[in-house]
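Below: one structure, written as structure tokens.
The values are calculated or read from the model by the stated rules, or taken from the named source; none is laboratory data. This is a predicted model, so every value here is computed, not measured. Using ideal geometry, Cβ is built from the backbone for each residue, glycine included, and neighbour counts are taken over all protein chains shown. The area values use the complete protein model at the heavy-atom level, side chains included, leaving out ligands, DNA and RNA. Shrake-Rupley method; radii C 1.70, N 1.55, O 1.52, S 1.80 Å.
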Amino acid sequence: MNGEPSPTEHTGRRHWVLIETGGNQRYIFGSNRLRHVVGASQLVHEIGTEWVPAAVGRLDDPDATVVMTASGKALLLVGSVDAGRAVIRQVSCRALREAPGLQVTGVVGPPFDATDPAAHEPARRDTYELHAEVRAARRDPLLRDRVFPWHRLCRDSGQPAARVERYSEDELVAASAGVLARSDARHRARRRLVEQLTGDLGDVVPANTDVLRQSGWAAVVHADGNGVGGLFRGFLDHVMAIEGTGPVDLATHLRYQRLVSAELETATWNAVRDAIAALREQRAGEELTGRLLPIVVGGDDVTLICDAALAVPFVRAFAEGFARHTAAQPTLSAIALQATGHGGLTASAGIAVVKPHHPFRAAYELAEALTVSAKRFRSAAAFDLHVAHAATLQDLTLLREHTEPAAKCGPQVARYAGPYLLGAVEDLPVELRHRSVELLDEVHGWLGRAGWLSTAQAHALREAADRSLAEYRHQVRLTVPRAPDPDRAGTLLDVQPPTLGQVTDGGPTAPVAGTDAPFLRLFDAMHLHGLRLDTFAPAPSTDRSASKKDIR
């Protein structure tokens, strides 16, 4: 198919076609090797952005058109059921050959009259509902692909091995067809990342995707736009408000759908580039080569693994860039203005700090849970952080309960202060200013040689908190006289009250029971200092490159 004909240029009868991958999290993070994670993400990306358009191009259907493509997803219009099934068949067969183990589900929606402005949106909704039903009825790959006792198994996937894979000169490992396909795709993934990052920004991507340089701790970062789903709920109402017309015809619907999807992708990649450029500027004295590896960048979603020291500054720079670049996209900002009352969008993130050989899937699930925690403030940009000193197989709430003093020692006080709200503290609602990341920066600046709070004194405060809240407050009173501003130090080190409200598009709302507890921010500051998770502080003058370790 050449070009994109008007959806009403030929006959009036149309069908929506939705093709989408499923089980992406298990597929991408099912292995603990970076090469497999990066390669799996590349295959998911190619299905939506390359395989589907290629299949549509081979159709003998003048009415077929690609409406929207994204990583692992595509929405089409075709003139017949047979044309839609042909695309689904081609993509599914290619997935079986080139991406074994990846679930691809496609459906052809009910027919509708393309000349009727009221017909296309109900048909689109029906297509999405049908897709959900078909996907739910599919058998799990683990049940479909049975393993027998005589099979030699792949160490990473547990599936029957197809051949051996070489990881090093001395390491040959039996690998399944799916794992081998991911390994083959990793080279294409790296080339795409380097091309997208442009210039010398691509140097941060490891030359060998098996090795990430880090200083003993790695961070899995998951960032997600706030309220992006709301842009597409009532999408046609927003378009009608912008156009100032009655019912939106199919051609206008498609134009806005394409523009919003493309502009959101552009804004996200621009924000990633800005964040990496900011890291280079802030850490001019450090070598960043091979210390950050984007895994998923698509739509408003970003997932990456990096040296833990880069995680917090990356998230802060990304959130600032995301708000700026989404506001600069004309169609996206116009839709956002109708949906949220603001021209730009914000992003929230979760940062899971783990040891290098921590299972990727567990680390990603933790980062995702932290992102959900950060999103409690709705339209406000925020991030949440957890440093995993033990296994992370439990729910985030249970992991954090273990860091609270026992009830018998007084009221339960959280020894974590997240989520942190980004932006200037004076721009936040009064009720939420104690959640500002700038206050964390201030306490962090007191620690170590550059500050007034020595390591021994910080640990004395921590040990006092382990015993009781009363002892902690007594230790604070003994410590703060050393501070340049004792009253300020006492206020920031003391127990902080629960958040009084949540932020919505219209401002603070009533408190939500069970979402918060009194907290101390000292412990997060100690993590930032002890694990060298520096915020926007200047890079240390000592060269730490010799101490870098590899994550494999």
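Note on the chain: dipole from Cβ charges, positive end direction compared against Ala40, Ala251, Val480; the farthest Cα belongs to Ala40.
Contact order for segment 155-242, expressed relative to its length and based on alpha carbon pairs under 8 Å spaced 6+ residues apart, stands at 15 percent. When +1 charges are put on Lys and Arg Cβ atoms and -1 charges on Asp and Glu Cβ atoms, the dipole computed for segment 22-176 relative to its Cα centre reaches about 720 debye.
Please give the per residue accessible area of the chain, computed with a probe of 1.4 Å over protein heavy atoms only, in Å². Walk me through the intermediate numbers first.
Details: 23750 Å² over 552 residues.
On a per-residue basis, the chain sits at 43 Å².
Any idea what diffusion coefficient segment 211-278 gets from Stokes-Einstein, in µm²/s, Kirkwood Rh on alpha carbon pairs, 37 °C, 0.692 mPa s?
The calculation lands on 217 µm²/s.
Computed with a 1.4 Å probe over protein heavy atoms only, the accessible area of Cys93 comes to about 60 Å². The spread of Cα positions in segment 160-255, taken along each principal axis and listed from longest to shortest, comes to 69, 36, 26 Å.
Looking at segment 299-444, send over the antiparallel percent of its DSSP beta bridges, to the nearest 5. All intermediate terms of the calculation are to be shown ahead of the outcome.
Details: 2 of 9 bridges.
The answer is about 20 percent antiparallel.
The magnitude of the dipole of the chain, with charges of +1 and -1 set on the Cβ of Lys/Arg and Asp/Glu and taken from the Cα centre, is near 1660 debye.
Since only Gly341, Leu76, Ala189 are under comparison, the one whose Cα sits farthest along the positive direction of the charge dipole of the chain, derived from C-beta charges on Lys, Arg, Asp and Glu, is Ala189. At the residue level, His238 shows approximately 30 square angstrom of accessible surface with a 1.4 angstrom probe and all protein chains present. Ordering Ala262, Gly22, Pro419 by the projection of their Cα atoms onto the charge dipole of the chain, which places +1 on the Cβ of Lys and Arg and -1 on the Cβ of Asp and Glu, puts Gly22 at the extreme positive end.
With the simple spin-label model, which puts each label point 7 Å out from Cα in the Cβ direction, the Glu169 to His474 separation comes to 6.3 nm.
Over the residues of the chain, the helix contribution to mean residue ellipticity at 222 nm works out to -13500 deg cm²/dmol, using -39500 (n - 2.57) for each DSSP H run of at least 4.
Order of 54-60, 339-345 by packing, highest average Cβ count within 10 Å first?
On the way: 54-60: 16.0, 339-345: 18.9.
Order by mean packing, descending: 339-345, 54-60.
Ile305 exposes around 0 Å² of accessible area when a 1.4 Å probe is run over every protein chain in place. Each 10 Å bin from zero holds the following percent of Cα-Cα pairs in the chain: 3, 16, 25, 25, 18, 10, 3, 1, 0.
Over segment 256-357, what relative contact order in percent results from Cα pairs under 8 Å that are six or more residues apart? Don't skip to the end; give the middle numbers.
Values: 117 pairs, mean separation 31.3, N = 102.
Computed over segment 256-357, the figure is 31 percent.
Would you work out what percent of the accessible area of the chain, with all protein chains in place, is carbon or sulfur (probe 1.4 Å)? On the chain, the fraction of accessible area on carbon and sulfur atoms equals 52 percent. Can you tell me the relative contact order of the chain? Whole percent, Cα pairs under 8 Å, sequence separation 6 or more. Here the relative contact order equals 14 percent.
Could you calculate the FRET efficiency of Asp145 with Arg280 from 1/(1 + (r/R0)^6), where r is the beta carbon distance between them and R0 is 56 Å, rounded to 0.05?
On the way: r = 45 Å, r/R0 = 0.81.
After rounding, the FRET efficiency stands at 0.80.
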